[in-house]
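Report on the following structure.
The values are calculated or read from the model by the stated rules, or taken from the named source; none is laboratory data. What you see is a predicted model, and the numbers here were worked out from it, not measured in a lab. Note: ideal-geometry Cβ built from the backbone for every residue, glycine included; neighbour counts use all protein chains shown. These accessible areas exclude ligands, DNA and RNA; they are computed on the full protein's heavy atoms, side chains included. Shrake-Rupley method; radii C 1.70, N 1.55, O 1.52, S 1.80 Å.
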Amino acid sequence: MPDFSRVYDVLVVGGGNAALCAAITAARAGASVILCEASPPPLRGGNSRHTRNLRTMHPGPTQVMTDSYLEEEYWDDLRRVTAGKTDEALARMCIRASQHAPDFLASCGVVFQPSLSGTLSLSRTNAFFLGGGKALLNALYRECARLGIVTLYDTEVQHIKVEEGWATEAVVSHAGFPERIRFKALVASSGGFQANRNWLREYWGDAADNFQIRGTPYAQGTILKDLLAQGVQEVGDPTQFHAVANDARAPMEDGGLAMRLDCVPFAIVVNRNVERFYDEGEDVWPKRYAIWGRLIAQQPGQVALAVTDSQAVMNFLPSVYPPYKADSIAGIAAQAGMDAAKLEKVVADYNAAVVPGTFTPMTPDDCRTEGLTPPKSHWARRIDKPPYYAYPLRPGITFTFLSVKVDDKARVLMADGKPSGNMFASGEIMSGNILGQGYLAGFGMTLGTVFGRLAGEGAAKHVRN
Amino acid sequence: MSATEMNKLDALLREATVTESDAYQEARRQMAVCNACRYCEGYCAVFPAMAMRREFETADLTHLANLCHGCKGCYHACQYAPPHAFGINIPATFATIRQESYAQYAWPPAMGRAFEKNGTIVAGVATLFVTLALLLAVALVDPSKLWTAQTGTGAFFRIIPLWLINALAGASFGFAILAMAMGAIRYWRGTGGLGGPLTPAPAAEAAVDVLTLRNLGGGGHGCNDVDDSFAQQRRWLHQAMFYGFMLCFAATTTGAIYHHVFGWKSPHAFFSLPVQLGTWGGVLLCIGTAGLMRVKVITDPVPVARKLMGGEYAMLGLLFLIGSTGLLLLAVRHTGAMGFMLALHFGLVLSFFAVLPYSKMVHGVYRGIALLRNARERRAG
Ligand SMILES: Cc1cc2nc3c(=O)[nH]c(=O)nc-3n(C[C@H](O)[C@H](O)[C@H](O)COP(=O)(O)OP(=O)(O)OC[C@H]3O[C@@H](n4cnc5c(N)ncnc54)[C@H](O)[C@@H]3O)c2cc1C
Ligand code: HEM
Ligand code: SF4
Ligand code: SF4
């Protein structure tokens, strides 16, 4: 039984990468730390359990990354995906600090590997965790144990008492029993609110019922809402999130990475009304991966169907569930529950618009359509080699961007713009400070590691003074 | 009929007669998830081999399962491990398939049944042989020789005559080799054959994999021997057992050469080659087997196939007893306990030969083949 009577130096809310980095940094700086994770041990670590890599700046080749990836290019990538809706100073600070993130994680026992297959060709910009996020979490939790951090599972933090910009105590449910935890500094790292459907419904209405939550079901946003209701400054668009094209047959929660489908650039995609709605071949998939979830979320019924043929089926990673497969387009339509004549016409119109070109699967090629709306700008080949294959799609929500505002020391800012006396935040719960919209693969773990370390450092320093 | 037609017919017949077990169906489901995920590709040879495939026929799954070294890395790293709904547990599933494939490819085929309740069978045979050896020694050997210190050349063979040793050991070992070779051929054919000429490069690569147990290294930093922390314990313990076993084998062989070629009779001096090989071999064998048993007792049980534990414990126990009775024999060889020890040791070794083709030991054969096929496949791209 943990000691609930004592006053801990630092309370860390959450058990994902952002929380663990903060807890470890604070403990290494000499603070006594208690960490509350809402989930039971096997499902610990939130969305971080499903991750694979983090994006880091590096001036030259490293053991696990090729070439170099410098601040300007990183910043440029970030500016582009966010369409400028970001905080340049904060973003650049994060980019520069990202250079040291892998070393920090390695010091906690995390092992990296060179990227091999099926990784959206990110070996230059991203460092991959051997075994993925679960292995990373195992290492971080072991480091916590080594440092004597009190780690409570099945412990949901329900409320933080905030008085005049100071957090004073936490109301928690520990193994189903109400408890109070007292502390000198708080680090909030409890993720976004994407698994809270009622909250999503406020912005998306009934459509929210059709969103698949890719990651942890524990991302209820309880502490995010709690802090925002107590005078903490809000940042970020509540309708913005990272979302990908998921298999429509995936579990509604926690289906993880294996549910995403990479077939879009090598297929044509129609909505429930059997109409194409976006250029499937606009750019290479790593750059378009993150927009398709949102695109499908905006379609009627939040569903879509990607149709392709035997010629293209080896160009993308296999799906977990078998694709629809038929010798005719009508056969595909029957399996997908669509109007056969309409689907045949869409495919025929598309085929007629395809101009000949040289197909190069990994780089934008000259295979495109002419006179078709919307066009398919690259990788457009006639869909006429049976058997035909099709994949049903739904939006898979990764995480929401609505956040608490922080400064470049990970201090939480109050509505009046002044930093809180003893509150810090890291990870998804502050992602909206930098991600106004859009996403860069591997940036979630970078945010968590960089701001987690800052938060842990700040909290420990506050306690010492 | 041409050879290819024959093969096709073979395959059809096999499909018609072999209905897949739950473990195979479960493995196919799990492979579909892994193949879309691939997070574990850095751990071992299984995942890159998986990534070369889209469909998983029975033969593919048998091959992948025998390629798996049961290091448990991919279980502890799995985002979909139980209690997640997908319940991915590759080490346990593949271990079950390995066991089923040992049974399926055993020769003569009826002996496949010996892999059910393998622990009981191995332990039973060992007990039986030891009892027989002791009884025979008591019945056949002059009691004055059995219980008194025997010294000088040919001391051992006054207890158990050399011709008997040669006949029993030769027959049982010879049969074991035949049965395992037949098993290897049946396995090789059943899992798709070579598919091309055998060149030295992949064979060398597979040999290195076997001799270094590379795939029990977790991609370099170790395996999850006990829990989610990394270590190379099992690898080094298996190496101790493996090389200990080989040294013991070399000891026996050099002993035989000394006897038959040079006419030098045992017992040999402590610093002679056969005794040195046997001593160090025995020590390593004992350390390896005892250590592996310890790891088995304390390891996280979820990624382990419980059904197989009996056979593994029995084999570890048998090897430990062979090693320890060999060392004891050395210690007491100039005393009155020698006769008893020799009968005990000889009974254990004989029982090991007898169960060899129907025990955990066949994993070496099938893993070796799987590593060879994998080395070829990797080169072919
Ligand atoms: C399928 C998938 C793949 C991804 N792949 C990558 C990738 O390869 N690279 C990358 O950079 N990003 C990736 N991301 C995004 C990445 O997971 C996140 O951005 C990052 O993990 C966020 O870390 P975090 O610690 O802020 O949140 P999380 O890891 O989600 O942790 C939040 C924690 O808070 C706990 N919690 C929530 N509420 C409470 C409460 N009230 N009380 C106590 N505890 C609470 C949760 O249980 C959880 O442990 C992926 C996400 C998904 C879903
Ligand atoms: C081709 C050579 C060999 C290879 C590649 C190999 C590989 C392995 C591996 C990976 C394991 C652990 C997984 C499992 O339990 O199946 C194992 C277990 C085992 N091996 Fe081997 N082995 C080989 C030869 C041998 C030999 C020669 C012996 C006998 C001395 C042996 C005895 C055992 C035993 C008893 C176990 C069970 C250990 C346990 O349950 O903890 N192996 N082997
Ligand atoms: S074992 Fe789990 S984490 Fe590893 S590849 Fe398979 S599904 Fe992915
Ligand atoms: S248990 Fe180890 S050897 Fe077997 S598949 Fe998993 S990682 Fe590979």
Q) In nm, to one decimal, how far is the A:ASP103 label point from the A:SER310 one, both placed 7 Å along Cα→Cβ? A) 5.5 nm
Q. Against the longest alpha carbon principal axis of chain B, how many degrees, from 0 to 90 and to the nearest 10, is the axis of helix B:273-298 turned?
A. 50 degrees
Q | Spacing of the two label points (7 Å from each Cα toward its C-beta) at B:GLU55 and B:ASP227, in nm | A | 4.5 nm
(Q) Please compute the length gained on full extension between B:MET111 and B:ARG186, using 0.36 nm multiplied by the number of residues separating them and subtracting their Cα-Cα distance. (A) 25.6 nm
Q. Based on the Cβ-Cβ distance of A:ALA348 and A:TYR203, what FRET efficiency does E = 1/(1 + (r/R0)^6) give at R0 = 45 Å, to the nearest 0.05?
A. 0.70
**Q.** Global size of the stretch A:242-396 as Cα Rg and Dmax, reported in angstrom
**A.** 14.1, 42
Q: For the protein assembly as shown, give the share of DSSP beta bridges that are antiparallel, in percent and rounded to the nearest 5; count only bridges with both residues there.
A: 75 percent
(Q) Under 5 Å between amide hydrogens, which residues at least 5 positions from A:ILE213 or on another chain qualify, with H placed 1.01 Å from N in the peptide plane? (A) A:GLU253, A:ASP254, A:ILE397
Q | Residues of the stretch A:39-62 buried by at least 20 Å² on assembly (accessible area, 1.4 Å probe, chain alone as reference) | A | A:PRO42, A:LEU43, A:ARG49, A:HIS50, A:ARG52
Q: Compute log10 of I(q)/I(0) for the stretch B:131-212 with the Debye formula, placing one identical point scatterer on every Cα and leaving out solvent, at q = 0.11, 0.13, 0.14, 0.18 Å⁻¹, to two decimals.
A: -0.60, -0.68, -0.71, -0.87
Q) Projected onto the charge dipole of the protein assembly as shown (+1 at Lys/Arg Cβ, -1 at Asp/Glu Cβ, origin at the Cα centre), which of B:LEU146, A:GLY452, B:LEU330 gives the Cα projection farthest towards the positive end? A) B:LEU146
Q) Percent of accessible area on the stretch B:302-381 owned by carbon and sulfur, 1.4 Å probe? A) 71 percent
Q. Where the only charges are on Cβ atoms (+1 Lys, Arg; -1 Asp, Glu), what is the dipole of chain A about its Cα centre, to the nearest 20 debye?
A. 740 debye
Q. What size of dipole, in debye to the nearest 20, comes out for the stretch B:109-380 about its Cα centre when the only charges are +1 on Lys and Arg C-beta atoms and -1 on Asp and Glu C-beta atoms?
A. 400 debye
Q) Too long at a 20 Å Cα-Cα cut-off: which of A:LYS161/A:LYS225; A:LYS85/A:LYS287; A:LYS325/A:LYS376; A:LYS184/A:LYS409? A) A:LYS325/A:LYS376
**Q.** Directionally averaged projected area (convex hull, Cα atoms, the protein assembly as shown), nm²
**A.** 43.0 nm²
Q.
With equal scatterers on the alpha carbons only and no solvent term, can you work out the Debye log10 of I(q)/I(0) for chain A at 0.06, 0.12, 0.13 1/Å?
A. -0.28, -0.99, -1.12
Q) Anyone know which of B:LEU64, B:LEU135, B:LEU318 comes out most mobile in the 10 Å Cα GNM of chain B? A) B:LEU135
**Q.** Table column - 3J(HN,Hα) (Hz), the stretch A:95-106, Karplus curve with 6.51, -1.76, 1.60, x for Gly and Pro
**A.** 4, 5, 5, 4, 4, 9, 4, x, 5, 4, 4, 4
Q.
Rounding to the nearest 10 and keeping the result within 0 to 90°, find how far the Cα-based axis of helix A:17-28 lies from the longest principal axis of chain A.
A. 30 degrees
Q) Separation between the B:LEU128 and A:MET1 pseudo-spin-labels, each 7 Å from Cα along Cα→Cβ, expressed in nm? A) 5.8 nm
Q | Per-residue ³J(HN,Hα) for the stretch A:221-226, Karplus 6.51 cos²θ - 1.76 cosθ + 1.60, θ = phi - 60°, Hz, x for Gly and Pro | A | x, 4, 6, 4, 5, 4
Q. If one takes the accessible area of chain A alone plus chain B alone and subtracts that of the pair, with a 1.4 Å probe, what total in Å², rounded to the nearest 100, results?
A. 2500 Å²
Q: Quick one: angle between helix A:340-353 and the longest Cα principal axis of chain A, in degrees between 0 and 90, rounded to 10, please.
A: 80 degrees
**Q.** Heavy-atom accessible area per residue - the protein assembly as shown, 1.4 Å, Å²
**A.** 40 Å²
Q. Which net charge results for the neighbourhood of A:THR86, defined as the other residues with beta-carbon distances under 13 angstrom from its beta-carbon, given Lys and Arg at +1 and Asp and Glu at -1?
A. -1
Q. Which of A:ASN138, A:THR125, A:ILE95 sits closest to the plus end of the dipole of the stretch A:81-165, meaning its Cα is farthest towards the positive end, when Lys and Arg get +1 and Asp and Glu get -1 on the C-beta?
A. A:THR125
Q) Mean 1/r over all different Cα pairs, inverted: what Kirkwood radius does chain B give, in Å? A) 22.5 Å
Q | Amide H partners (placed H, <5 Å) of A:PHE183, local residues excluded | A | A:TYR8
Q: Report Rg (one decimal) and Dmax (nearest whole number) for the stretch A:263-328, counting Cα atoms only, units Å.
A: 12.0, 32
Q) Which whole-Hz couplings ³J(HN,Hα) result when phi for each residue of the stretch B:165-177 is put into the Karplus expression 6.51 cos²θ - 1.76 cosθ + 1.60, θ = phi - 60°, listed in order with x for Gly and Pro? A) 4, 4, 5, 5, 5, x, 5, 5, 5, x, 5, 4, 5
Q) Local charge sum around A:MET414 (other residues, Cβ-Cβ under 13 Å, Lys/Arg +1, Asp/Glu -1)? A) -2
**Q.** Neighbourhood charge, 9 Å Cβ-Cβ cut-off, centred on A:ASP309 and excluding it, Lys, Arg +1 and Asp, Glu -1
**A.** +2
